[in-house]
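Only one structure is covered here, and it is reproduced in the block below.
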């Protein structure tokens, strides 16, 4: 909104003065030989650079626009205000959407965590039940062996051990893949 002016550096100022003096000397020599060329060179030397930042032109430029069309600065100001308002509303909408996205991600994380907890509980319960079943079978086989039912005890105990070892090996191969 305001013109950008660099701070004055004494070294640059002195250099500028020397350049200006040498240009004036060159310009005088050119004017002696070709006055029209001197006028053109003088015109180019007088051009200065002004830098301005902001959504609106500088006040000097606005005054020139007003000379062209009296209500043009007002229209430009309205246009800048609408653009700023639109940009602000877009930023607000982006922030709202990001907030919603964060909430959805938090919900997904919570659901994944809950699912992991359920899976862990199912595994622990399964292990406990498997342990109880194995113990019942082994104790049953031991009981049968004590009561002279050795063949049945071997079948019950053997199948239990084979089943447990098979399940253990199956879970190990499943974990690897």
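Pull out the extension gain between residue 146 and residue 90, defined as 0.36 nm times the separation in residues minus the alpha carbon to alpha carbon distance; nm, one decimal.
11.8 nm
Given R₀ = 30 Å, FRET efficiency for residue 114-residue 170 by Cβ-Cβ distance, to 0.05?
Efficiency, from the Cβ-Cβ distance: 0.65.
Can you give me the C-alpha center-to-center distance between the range 70-111 and the range 112-156, rounded to a whole angstrom?
Between the Cα centre of the range 70-111 and that of the range 112-156, the gap is 62 Å.
Readers should treat all values here as calculations from the given coordinates under stated rules, not as data from a laboratory. Keep in mind that this is a model prediction, so the values were computed, not measured. In this analysis, Cβ positions are derived from the backbone assuming ideal geometry, glycine residues included, and neighbour counts consider all displayed protein chains.
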